[in-house]
Amino acid sequence: MAVLPTGNLPEVTFQQQPGRTWYIDKASNRIRGECSDWLSVRQAVEIILNVERFRWQIYRPYSGMQWDGLIGQDPGYVASELQRRITEALTMDDRVRGISNFSYTVEGDKLSASLTVNTVFGEMETGVEVNLN
């Protein structure tokens, strides 16, 4: 007895749906209509990098970044782990292809990293900071 269908099956095609979302105006701290494409991805990247993963119930478990465990560690470890965690967090969004140009500097007890996020709509520059102590 066959469990899976056999014979001529219709071809499945996948279509990318628009990434429309609410536009958050940082200058006025208000929601101002909707946005899509590059601006919605830019906003998603900012939210992913600024939300602690698994901490807030309003976000899905795969949304956000894991910052726990980086404070108080060796700067070399923090830099490599930060690059891995950023890549993992951002590529959960299918509009993000990856990151490039990752570089970091350590000044005192602060590690600053800059990177380029490669998306289907183009590239965007961003950065993050980690307190080492």
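The values are calculated or read from the model by the stated rules, or taken from the named source; none is laboratory data. Quantities reported herein were computed from a predicted structural model and do not represent experimental measurements. FYI the Cβ positions are ideal-geometry reconstructions off the backbone, even for glycines, and counts take in every protein chain you see.
Within the range 71-84, does at least one residue satisfy the condition of being surrounded by fewer than 14 Cβ atoms within 10 Å (Cβ to Cβ), in contact with a strand residue (DSSP E or B) (Cβ under 8 Å, 6 or more places away or on another chain) and aliphatic (A, V, I, L, M)? Yes. The one condition from (1) modelled with pLDDT under 80; (2) over 24 Å from Gly98 (Cα atoms); (3) touching a Phe, Trp or Tyr at 6+ places or on another chain (Cβ under 8 Å) that Arg32 does not meet is (1). If you go through the range 55-70 and keep only what is surrounded by 15 or more Cβ atoms within 10 Å (Cβ to Cβ) and over 23 Å from Lys110 (Cα atoms), you end up with Tyr59, Ser63. Applying the criterion of being in contact with an Asp or Glu (Cβ under 9 Å, 6 or more places away or on another chain) and of a type in the set (D, E, K, R) to the residues of the range 27-54, the residue that is surrounded by the most Cβ atoms within 10 Å (Cβ to Cβ) is Arg53.
Testing Gly122 on (1) at pLDDT 95 or above; (2) in contact with a helix residue (DSSP H, G or I) (Cβ under 8 Å, 6 or more places away or on another chain); (3) loosely packed, with under 15 Cβ neighbours inside 10 Å, one condition comes back false. Which one is that? Gly122 satisfies every listed condition except (1).
Yes or no: the range 31-54 includes at least one residue that is in contact with a Lys or Arg (Cβ under 6 Å, 6 or more places away or on another chain) and either assigned to a strand (DSSP E or B) or farther than 21 Å from Glu129 by Cα (or both). Looking for residues that are in contact with a Lys or Arg (Cβ under 6 Å, 6 or more places away or on another chain) and either assigned to a strand (DSSP E or B) or farther than 21 Å from Glu129 by Cα (or both), one finds at least one in the range 31-54, hence yes. A search for C-beta distances below 7 Å between a residue of the range 32-50 that is more than 10 Å from Ser63 (Cα to Cα) and any residue that is among the charged types (D, E, K, R), counting only pairs 6+ apart in sequence or on different chains, returns Arg32/Asp25; Glu34/Arg20; Ser36/Arg20; Ser40/Arg20; Val41/Arg95.
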